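Data first, discussion second: the structure below is written as structure tokens.
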Amino acid sequence: NNSSQLSSLPLQILLYVNGIYYIFYFLATLAMIIYKSQVFSYPDDFLAPDLAVLFVMAILEVPRLYLGFKGNLTEAEAPLGLSLGLTVVSVVLCVYLLLWQSYVLWADVLLSALLLAAYGLESGLKVTAIAAFVS
Amino acid sequence: PADTRDAAQARVRSAPAPVTDVARLCVCDLLVAQCDVNCCCDPDCSAEDFSLFTTCSVPAVTGDSQLCSQKAAVYSLDVEANPPERIFKLIDQVNPSIFCIHATNYEQALYLKSPEIPTPENFDQLLDKFGGATFSAEPDSWNLDTDTQNPPEANETSRYEYGAPVQTEDAFLRLPSPVVSSWCSDANPAGFLVNQATKCIRSVSVEKCDSIQALSMLFYINSSILASVFQVNITVQSIAVQSLNGMRTLVSSSEVLRLPMVLDELCINAVLGVNYHITHTDTGEIIEAAAAFVLGAISKEELSIEQSFEISFTQENTQPVPLSGNPGYVVGLPVRAGFQPQGYPFPAAFLFAALALSSNKHSQLTILQSTSTQDCLAAQGARAPVLFGYNMISGCKLRITAAMKCQPLAQTLLVVLKGQSFPEYVASFGNSQAQDVLDWVPITQLHISEQMISHTLQSSCQIPVSLGIEVKWTKYGSLVNPQARIVNVTATITTTTLKQLPSGRERIIPITSSVVFTDISSPAEPSYKAWPTINIKLPFDFFYPFV
């Protein structure tokens, strides 16, 4: 590293990949919820919370990724810290979709586990990056 | 006392818990405390019983196969062993699909809902919901009494499609009909263009005569039908009053509404039948609605009466000729037939003249209807319409005495067999109009004499003994939706010689008439789209210097 660059390249790659994977995850989970509502008995008061969690997660993802990119590229710890906070919320919502949905299909388990792994790795890299920026 | 009653109530309040353990479930265990034959999961069977089985009728009991992994109880018979013994294995069945259910957090997901046990608290609510003759899964959309019923918008009711319920101000045009039992249910809507006739029984009592809504005329003409931008009121077309012995008389002043009332221990002006006539345009808008009533009297002893309802739809400015198919004949509908009125030239020569073939409902192709008396001469001319696709045979017995004269007998038998007005033309399609001459097939009449050997007394007269109508039809049109089309109709009269009987003797000969439908359609030839052709044309001066 001859030009003292503090921005973390692995974090940047991971954020980029995470964005693409999240789009796929959102569409796949939405399609599976629609499939479940047609094939299984899925009354409205059980369907509503699941859909709400999915959409809230999608809405949170956009600022989370933006703040992550911005913080990493401008080497500022405040946006990155905010992004880390939003990641924690996304993790909670992902755990809901993994464990407490009305119907958890095997495909749901796979996709959510992958997303959780990505979030975990990302959080670790963000913490390292914040430590690098602060010091 | 109080606590035993509470305990009894607590026992009653909960239904028995459903059994979900696959090892204990047995579908073929029908006899209690006895071994069911070939039922390998029956707990009442002993090892000796198992050795007598040939196969297991229920090889496996599994839970919901959509779960990723579930327990399954597998039963099989080991026929190698001597004596045969039953093998019971509890295995884990795995669903390999990626969309198998890994877990559910919704406890009623995989089981049927247990019904509510009636208690003094919820009894009234359950009775409201399930106490009638019918109940639907979604009562709110069909409930006629809710105040929150939104009236449908005008654009939706402008055009009706076939089968769509005819909407009125409050709900739908009712055509009471028997639903599960013969009792009238008022929740049956009339479908547009669906001609229906229903009969059902309604429970009545003379004391509550004027309070039972379904007995008063107002109930049936109260609401107006929604059609495009305006509403069509149901007018009273005619009122017929039926007396207690069944005689009906038309009432001249049909504008006055006659409401039921009690008179001399009878309930008069009770509605016994309603006949709706709805007129519509060819684009599906209802323009007129009329109802013809039959009112009658109910005596004190009667606890129920039979009401009959009918609805028919006619297009404006057309004669209400019922179609037998559109365009091909529908199996079970009557074959339409007609005559060529006198004075018109023979159709084949004049293709441009519109010949009016009279085809009213009563000149259908009909066949003799067998009666219980089976006597040809006593038959009152009862005839049954020939229904397309249904081969029919009917007959009667003719008692010939010595005194009968042959010639009048032959004429009478001809009328018995063919009916008063045997048609000359049969409609080729179910919707053939009278103006289209080419759509009508002439009936070929054949005479066959039974005596094939030349009899010396050829002048002895012949009487017809059988009429056979053979209708040849073919499949017409596209491969996926073939339409039935009548191509040829042949009516064959078979005659036999009437031998003179010695006086005092009598003979009984059977007279038969039959209709046979034969399918003469040639096998379908699928046609394929032509290969695209490449049209290449060279310009005319292509070979300029050389040509």
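Ratio of alpha-carbon Rg to the 2.2 N^0.38 Å globular estimate for the stretch A:66-135, to two decimals, please.
Against the empirical 2.2 N^0.38 Å value, I get 1.29 for the stretch A:66-135.
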So how tilted is helix A:44-74 from the main axis of chain A? Cα-based, degrees 0 to 90, rounded to 10.
10
In the neighbourhood of B:Glu107 defined by beta carbon distances under 15 Å, the net charge of the other residues (Lys, Arg +1; Asp, Glu -1) is -1
The Rg/Rh figure for chain B, Cα atoms and Kirkwood Rh, to two decimals is 1.11
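If we count every other residue with Cβ under 13 angstrom of B:Cys200's Cβ, Lys/Arg +1 and Asp/Glu -1, where does the sum land? Each step should come with its number before you reach the end.
Values: positive: B:Arg174, B:Lys199, B:Arg202; negative: B:Asp186, B:Glu306, B:Glu310.
Summing Lys/Arg as +1 and Asp/Glu as -1 gives 0.
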Once the other residues with Cβ under 9 Å from the Cβ of B:Trp473 are scored (Lys, Arg +1; Asp, Glu -1), what is the net sum?
+2
In this structure, the FRET efficiency calculated for B:Phe543 and A:Gln12 from their beta-carbon separation, with R0 = 60 Å, to the nearest 0.05, is 0.30
Potential extension, B:Trp183-B:Ser51 segment - 0.36 nm per residue separation minus Cα distance:
42.1 nm
I'd like the mean, over residues of B:91-99, of how many other protein chain beta carbons sit within 10 Å of each residue's own Cβ.
2
Run the quick spin-label model on B:Lys300 and B:Gln374: label points 7 Å from Cα toward the beta carbon, then report their separation in nm to one decimal.
4.8
Straight-line reach from A:Lys70: which lysines fall under 30 Å, measuring Cα to Cα and dropping same-chain residues less than 8 apart?
A:Lys126
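Please order B:Trp473, A:Trp106, A:Trp100, B:Trp531 by the number of other Cβ within 10 Å, starting at the fewest.
Details: B:Trp473 23, A:Trp106 18, A:Trp100 13, B:Trp531 6.
The fewest-first ordering by Cβ neighbours comes to B:Trp531, A:Trp100, A:Trp106, B:Trp473.
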Along the Cα→Cβ direction, 7 angstrom out, place labels at A:Ile34 and A:Ser135. What is the inter-label distance in nm?
5.0
Fewest-first ordering of B:Ser513, B:Ser522, B:Ser211, A:Ser41 by Cβ atoms within 10 Å yields B:Ser522, B:Ser211, A:Ser41, B:Ser513
How do B:Tyr329, B:Tyr111, B:Tyr276, B:Tyr528 line up, fewest other C-beta atoms within 10 Å first?
B:Tyr528, B:Tyr111, B:Tyr276, B:Tyr329
Dimensionless Rg over Rh [the stretch B:164-321; C-alpha; Kirkwood]
0.98
Principal-axis tilt of helix B:2-13 within chain B, Cα atoms, nearest 10 degrees:
50
Reachable lysines from B:Lys397, Cα under 19 Å, same-chain residues fewer than 8 places away excluded?
B:Lys405, B:Lys418, B:Lys499
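Per the Kirkwood formula on distinct C-alpha pairs, the Rh of chain A is how many angstrom? Mind showing how you got there, number by number?
Working: mean 1/r = 0.0635 Å⁻¹.
When all Cα pairs of chain A are included, the Kirkwood radius is 15.7 Å.
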Got the relative contact order for chain B handy, in percent, Cα pairs under 8 Å and 6 or more residues apart?
8
Across 20 Å bins from 0, what is the distribution of all Cα-Cα pair distances for the protein assembly as shown, in whole percents?
11, 22, 29, 25, 10, 2, 0
What angle, in degrees between 0 and 90 and rounded to the nearest 10, separates the Cα long axis of helix B:406-418 from the longest principal axis of the Cα atoms of chain B?
40
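Readers should treat all values here as calculations from the given coordinates under stated rules, not as data from a laboratory. Predicted model, so just to flag it, every value in this text is computed and none were measured. Here the Cβ is made from the backbone with ideal geometry for all residues, glycine too, and neighbour counts use every protein chain on show.
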